[in-house]
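For reference, the structure is listed below as structure tokens.
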Amino acid sequence: MQKLNFPNYSFRFKNSENKIAAFDEIRKKFVILTPEEWVRIHTVQFLIHVKHFPKSLINVERQLKLGKLIKRYDVVVYNSNGGIHLIVECKAPSIEITQATFDQIARYNMSLKAEYLMVTNGLDHFFCQLDYVQEKYRFLKELPPFLREK
């Protein structure tokens, strides 16, 4: 698999029906290793080991209802109060991050109402903080680390 713009992490792999699978420690199962999955498992490790988000607050690949449509988000990180802190949209490294990518995560956020958004293809990472009072967002150089609430 392609080297990504993340620190090096150790992963568990196995051969599953002549396909490589990697262990996803959030879903607690092996998943077929597609290029997008390669980005997703690196992103989760980044959130845990660099940004210090507890595994218990991270959710991966769940259904989301948008009006009459059923979609799947890549990664969501919750606040300890149950609100959504961060939504992550992962793309394969060969996929360029475009306005359409931001439109996709913005549609997801219409119902999720996260404080932060992250879009990544494993090579380029973009972070935004939402301001719901002024109805705008601002791009950040990096994602703030997890702060334990007192």
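The values are calculated or read from the model by the stated rules, or taken from the named source; none is laboratory data. Since the model is a prediction, treat every value here as computed from it, not as a measurement. FYI the Cβ positions are ideal-geometry reconstructions off the backbone, even for glycines, and counts take in every protein chain you see.
Data table
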| item | result |
| --- | --- |
| Test: Tyr108 is aromatic (Phe, Trp, Tyr), outside any helix (DSSP H, G or I) and touching a strand residue (DSSP E or B) at 6+ places or on another chain (Cβ under 6 Å) | no |
| Only listed residue being touching a strand residue (DSSP E or B) at 6+ places or on another chain (Cβ under 8 Å), in a loop (DSSP other than H, G, I, E, B) and aromatic (Phe, Trp, Tyr), chosen from Phe30, Phe11, Phe6 | Phe11 |
| Qualifying residue in the range 128-143 (condition: within 18 Å of Ile48 (Cα to Cα), at pLDDT 90 or above and in contact with a helix residue (DSSP H, G or I) (Cβ under 7 Å, 6 or more places away or on another chain)) | no |
| Residues satisfying the stated conditions in the range 11-24, i.e. under 16 Å from Leu47 (Cβ atoms) and surrounded by fewer than 16 Cβ atoms within 10 Å (Cβ to Cβ) | Phe11 |
| Verdict on Thr120 being in contact with a Ser or Thr (Cβ under 7 Å, 6 or more places away or on another chain), among the hydroxyl-bearing types (Ser, Thr, Tyr) and surrounded by 11 or more Cβ atoms within 10 Å (Cβ to Cβ) | yes |
| Single condition Arg72 does not satisfy, out of (1) surrounded by 15 or more Cβ atoms within 10 Å (Cβ to Cβ); (2) touching a strand residue (DSSP E or B) at 6+ places or on another chain (Cβ under 9 Å); (3) of a type outside the set (Gly, Ala, Ser) | (1) |
| Residue match in the range 78-101 (condition: assigned to a helix (DSSP H, G or I) and either under 15 Å from the mean Cα position of the chain (by Cα) or small (Gly, Ala, Ser) (or both)) | yes |
| Hits in the range 27-43 - residues which are in contact (Cβ under 8 Å) with a residue 40 or more places away in the chain and buried (at least 21 other Cβ atoms within 10 Å of the Cβ) | Val39, Arg40, His42, Thr43 |
| Where Glu96 falls short, out of the listed (1) closer than 20 Å to Glu25 by Cα; (2) at pLDDT 90 or above; (3) exposed (fewer than 13 other Cβ atoms within 10 Å of the Cβ) | (1) |
